[in-house]
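Notes to accompany the following structure.
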């Protein structure tokens with residue numbers, strides 16, 4: 001388990017404690033609430049309506065997923081409500097997702113889609129009765145918070161294990177009811193818990209009991225405020241990744257969406273024209289990589305309105321190493337250093353994942369997955385070493401093209417100020 005921040009318990013016991021605790025088996029639960037939906041502040045009762053996310057919610061999901069993905073353990077399982085406001089976030093995490101209707105928000109019956117003001121004006125007695133005992137009283141045609149808790153507990157009993165890690169992407173009502181259950185709180189205290197939208201509530205469960213590591217925190221906002229460069233002015237974006245990761249298709253679409261030029265990769269055009277790479281000497285390779293990079297840099301400098309490039313400068317550094325051009329140590333060091341400096345000029349390096357898309361034999365690129373993985377591994381190592389982590393965006397590990405485009409566009413707007421947490425009522429989101 002990764003080291004904890006602050007004084008949060010990370011699941012590791014010192015030798016003295018290990019001798020006396022009933023069991024060292026531990027499960028880490030991350031209860032993740034979806035992002036902002038459209039007209040969140042209108043106090044409309046949504047319940048199980050399949051409400052669309054607001055643009056701010058999409059930006060929140062992009063930032064939250066970017067923060068959460070590197071923190072997921074190899075054994076982490078992901079489950080989600082099947083409503084779209086949760087599905088969007090769960091599908092960004094790059095893991096198989098189990099969608100389950102039992103993780104939906106409280107069913108608010110005939111009140112769904114209406115404002116609390118209109119409901120209260122039409123039926124004040126029923127509303128008064130509901131609020132006087134909201135844990136047990138259902139809205140007309142809906143379910144009580146107790147009934148929600150029962151289905152949520154049924155899901156948990158079915159999918160919980162003695163140890164491991166699990167992420168539940170869900171709604172405020174489910175989060176409240178599970179936390180109440182694990183900590184022995186009465187459900188009529190549930191409204192005291194108010195995790196924000198796009199937040200993480202982390203609970204550690206063991207035979208000895210439960211530990212609340214965080215309640216409704218937005219750690220992705222801390223990192224963004226401290227480190228993320230502002231995506232303002234003309235966009236300067238570079239796609240990175242091995243052949244077959246979808247860079248060109250994604251880059252062309254992004255350029256179209258943003259209204260900026262797309263800078264094509266020269267090597268592909270050269271190969272399609274019949275250029276024979278096997279005749280090149282190491283020095284020929286060095287000159288070719290240098291020539292292609294300088295041509296791209298000139299194009300970038302001419303694009304005052306911004307651009308989307310099919311390669312980043314660090315891709316050229318990866319080519320240098322991939323093709324065994326590092327025998328001249330001093331020359332290699334100078335080239336890598338230069339490419340690292342150039343990478344600082346991008347607003348975002350969009351790193352496309354290896355293996356998400358099938359390699360297609362187009363007569364140009366190698367279909368050997370290990371050749372492509374070798375290049376990808378070199379590239380990712382260079383990016384980790386030489387790029388600002390806040391500058392790099394991991395394109396979702398998904399073959400869904402629409403999801404990829406949406407995730408990048410949402411990321412580019414993530415510098416907008418996040419809304420402040422609001423007091424929520426049962427079934428509101």
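Points worth noting:
- Residue 94 under 25 Å from the mean Cα position of the chain (by Cα) and in a loop (DSSP other than H, G, I, E, B): yes
- Candidate set: region 149-176, residues that are under 19 Å from residue 113 (Cα atoms) and part of a helix (DSSP H, G or I); chosen: the one nearest to the chain's Cα centre (by Cα): 172
- Counting the residues of region 317-335 that are assigned to a helix (DSSP H, G or I) and closer than 17 Å to residue 280 by Cα gives 4.
- Against the conditions (1) in contact with a helix residue (DSSP H, G or I) (Cβ under 8 Å, 6 or more places away or on another chain); (2) at positive phi, residue 184 satisfies every one except (1).
- Residue 304 vs. criteria in the same structural domain as residue 260 (by TED's automatic domain parsing), over 30 Å from the mean Cα position of the chain (by Cα), modelled with pLDDT under 95 and on the phi < 0 side of the Ramachandran plot: yes
- Residues in region 101-132 that are modelled with pLDDT under 95 and either closer than 21 Å to residue 181 by Cβ or assigned to a strand (DSSP E or B) (or both): 115 only.
- Residue within region 209-218 that is assigned to a strand (DSSP E or B) and closer than 21 Å to residue 46 by Cα present: yes
- Residue 75 vs. criteria assigned by TED's automatic domain parsing to the domain that holds residue 168, in contact with a strand residue (DSSP E or B) (Cβ under 8 Å, 6 or more places away or on another chain) and either at pLDDT 95 or above or surrounded by fewer than 20 Cβ atoms within 10 Å (Cβ to Cβ) (or both): yes
- Flag if residue 92 is buried (at least 18 other Cβ atoms within 10 Å of the Cβ) and modelled with pLDDT under 95: yes
- Scan of region 252-267 for residues that are under 19 Å from residue 298 (Cα atoms) and at pLDDT 90 or above, ordered by number: 255, 260, 261, 262, 263, 264
- Condition met for residue 288 (touching a residue at least 24 places away in the same chain (Cβ under 8 Å) and in the same structural domain as residue 393 (by TED's automatic domain parsing)): no
- Number of residues in region 107-136 that are out of contact with any strand residue (DSSP E or B) (no Cβ under 9 Å at 6 or more places or on another chain) and either free of Cβ contacts under 8 Å to residues at least 60 places away in the same chain or at positive phi (or both) equals 19.
The values are calculated or read from the model by the stated rules, or taken from the named source; none is laboratory data. Since the structure is predicted, the reported quantities are computational estimates derived from the model, not experimental observations. Heads up, the Cβs are rebuilt from the backbone with ideal geometry, glycines too, and the neighbour counts pull from every protein chain shown.
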